[in-house]
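The values are calculated or read from the model by the stated rules, or taken from the named source; none is laboratory data. What you are looking at is a predicted structure, and each value in this text was computed from that prediction instead of being measured. Here the Cβ positions follow ideal geometry from the backbone for every residue, glycine too, while neighbour counts run over all protein chains shown. What goes into the accessible areas is simple: the full protein's heavy atoms, side chains included, and nothing from ligands, DNA or RNA. Shrake-Rupley method; radii C 1.70, N 1.55, O 1.52, S 1.80 Å.
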Amino acid sequence: MREIVLDTETTGLDPSDGHRVVEIACLELSNHIPTGRNYQVYLNPERDMPAEASAIHGLTTQFLADKPRFGEIVEKFLEFVGDAPLVIHNAEFDMRFLNAELIRAGKAGLDYTRAVDTLLLARQKFPGAPASLDALCKRFAIDNSARDFHGALLDVELLASVYLELIGGRQAGLELVASRSRAQTLSVVGERQLRPRRPHAASEAELAAHAELLKQLNEPIWNG
């Protein structure tokens, strides 16, 4: 099963206010295991970068000025994600921004039903507990010490690990190993060849030696 872990960085909180996507990162999973394939791109938003947004992800107007526009990379982006489910933390946010960019580029928007929202998964599994990416990394002992800024590529790598924990991936793997071990044990037992019991009776000499030993003991219980 192919899945795409996805994250974006933007100039703000709402595309209807003119905010744009400035970074997209995707990481490919196959049967919940990273394949090593990823897609990452910085984008020129064709507008200024607000200081409050830059403080979150570290991207500036100057840095993004020579980067491609979304319309220039849209085909590569769509080719990479294909029709795979999209694993996203707070999926509604990223999907709204991506669909706004896709529609602006003359493409159909992504179906919201494709999204696997890890924020919702975390809230269902741990009701009332903090469910940010940082909080989940702490809960699952995932090292996020390099996360000085909210960079999309680092975030998808962390999110892939969090997603595996949320769906019980590590536990399921251990259960699979244990199941295989039990099956192998049963197989070995089933194939064992039964041999006739070997005689273990004491010899005449051993019995005589034992009798001499008992004579030296004070009221040995073996004589009862």
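Could you check the spin-label model distance between Asp17 and Gln40? Points 7 Å from the Cα along Cα→Cβ, value in nm.
Distance between label points: 2.8 nm.
Calculate the radius of gyration of the Cα atoms of the stretch 29-176 to one decimal place, then report Dmax, the largest Cα-Cα distance, as a whole number, both in Å.
In Å, with Rg to one decimal and Dmax whole: 16.6, 52.
Report, for the stretch 1-153, the % of DSSP beta bridges that are antiparallel, rounded to 5.
On the way: 16 of 21 bridges.
Approximately 75 percent, going by the DSSP bridge assignments.
Go through Ile167, Ile73 and list them by solvent-accessible area, largest first, probe radius 1.4 Å.
Numbers: Ile167 70, Ile73 15 Å².
The most accessible residue leads, giving Ile167, Ile73.
For Lys125, list the lysines whose Cα falls under 27 Å from its own Cα; do not include residues on the same chain fewer than 8 positions away.
Cα-Cα hits under 27 Å: Lys138.
Would you mind giving the three semi-axes, in whole Å and largest first, of the ellipsoid equivalent to the stretch 110-151 according to its Cα gyration tensor? Show your work: numbers first, answer last.
Working: eigenvalues 91, 52, 11 Å².
Sorted largest first and rounded, they come to 21, 16, 7 Å.
Report the calculated FRET efficiency for Arg123 and Ser30 (r = Cβ-Cβ distance, R0 = 30 Å), to the nearest 0.05. The partial results should precede the final answer.
Numbers: r = 27 Å, r/R0 = 0.90.
Taking R0 as 30 Å, the efficiency between Arg123 and Ser30 is 0.65.
Take the Cα of Gln62, step 7 Å along the line toward its Cβ, and report every residue of the stretch 23-50 whose backbone nitrogen sits under 14 Å from that point.
49
To the nearest whole percent, what portion of all C-alpha pairs in the stretch 5-98 is separated by more than 21 angstrom? Each step should come with its number before you reach the end.
Values: 1415 of 4371 pairs.
The share of Cα pairs beyond 21 Å in the stretch 5-98 comes to 32 percent.
Leaving ligands, DNA and RNA out of it, work out the accessible area of Asp7 with a 1.4 Å probe and give it in Å² to the nearest 10.
Counting only protein heavy atoms, Asp7 exposes about 20 Å² to solvent.
What residue among Leu136, Ala84, Val116 has its Cα farthest toward the positive end of the dipole of the stretch 78-152, where the charges are +1 on Lys, Arg and -1 on Asp, Glu, each on the Cβ?
The residue sitting farthest along the positive end of the dipole is Leu136.
Cross-link partners among aspartates and glutamates for Lys215, C-alpha distance below 16 Å, same-chain residues fewer than 8 apart left out?
In chain and number order, the partners are Glu206.
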